[in-house]
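The block underneath contains the structure these notes are about, expressed in structure tokens.
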Amino acid sequence: MEDLKKLIREVPNFPKPGILFYDITTLLKDPLGLHWAVDLLANHYVGRPINRVVGIEARGFIFAPMVAYRLNAGFVPVRKPGKLPATVARATYQLEYGQDTLEVHRDAIGRGDSVLIIDDLLATGGTAAAVAGLVESLGGTVAGIGFVIELEFLKGRAKLAKYDLHSILKY
């Protein structure tokens, strides 16, 4: 994992002073690193009956379709408000600095669907918890939640304790 961590650029004081930002664009441009990251995310769930992989806007969109391909599952985007053209289900949730909303097409997840949620980063867990609630409200079952990076000191895992969590890099 240390080799993979070397591909993540650390940017101090972004997006504001005191924040250390883990920039995955340097990982994405490395063909071997990108392949390795997708394999590590997908391999944890191989052999499980997953038929939908949800990607959370925006960086979850990068990894989720590749994981879906590896698992022979469909990809479902969860987007910010106003981006999806058909009828949506919506989840509004609290952030440390306010609130946010995400939407998914109502017909993207059905009763009995086994859903894997993918995002790039687990911080406080609020976004992933909101998406898990959205999946469950549509009748789906959350088979797991996978992340490229987990910021352990923010304790987001605790908010998602009832789910099978998998993160490949921990800081």
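Select from the range 129-167 the residues that are of a type in the set (A, V, I, L, M, F, W, C) and under 21 Å from Asp23 (Cα atoms) and write down the one among them that is surrounded by the fewest Cβ atoms within 10 Å (Cβ to Cβ).
The selected residue is Phe153.
I'd like the residue in the range 95-108 that is in a strand (DSSP E or B) and in contact with a helix residue (DSSP H, G or I) (Cβ under 9 Å, 6 or more places away or on another chain) and, out of all such residues, is farthest from Gly60 (Cα to Cα).
So, considering only residues that are in a strand (DSSP E or B) and in contact with a helix residue (DSSP H, G or I) (Cβ under 9 Å, 6 or more places away or on another chain), the one farthest from Gly60 (Cα to Cα) is Leu95.
Among the candidates Arg70, Arg90, Arg111, single out the residue that is at pLDDT 95 or above, surrounded by fewer than 19 Cβ atoms within 10 Å (Cβ to Cβ) and part of a loop (DSSP other than H, G, I, E, B).
Just a single option satisfies the conditions, and that option is Arg111.
Can you work out which of the residues in the range 93-108 that are touching a Gly at 6+ places or on another chain (Cβ under 9 Å) and over 17 Å from Pro65 (Cα atoms) is surrounded by the fewest Cβ atoms within 10 Å (Cβ to Cβ)?
Going through the qualifying residues, I end up with Glu96.
Suppose the filter is under 16 Å from Ile145 (Cα atoms), modelled with pLDDT of 95 or more and out of contact with any helix residue (DSSP H, G or I) (no Cβ under 7 Å at 6 or more places or on another chain); does Arg52 pass it?
For Arg52, the condition - under 16 Å from Ile145 (Cα atoms), modelled with pLDDT of 95 or more and out of contact with any helix residue (DSSP H, G or I) (no Cβ under 7 Å at 6 or more places or on another chain) - is met.
What about Val131, is it in contact with a Gly (Cβ under 8 Å, 6 or more places away or on another chain) and of a type in the set (A, V, I, L, M)?
No: the conditions fail for Val131.
Can you tell me which residue in the range 73-85 is nearest to Asn43 (Cα to Cα), limited to those that are surrounded by fewer than 16 Cβ atoms within 10 Å (Cβ to Cβ) and touching an Asp or Glu at 6+ places or on another chain (Cβ under 9 Å)?
Lys80
The values are calculated or read from the model by the stated rules, or taken from the named source; none is laboratory data. Since the structure is predicted, the reported quantities are computational estimates derived from the model, not experimental observations. With ideal geometry, Cβ positions are generated from the backbone for all residues, glycine too; neighbour counts draw on all protein chains shown.
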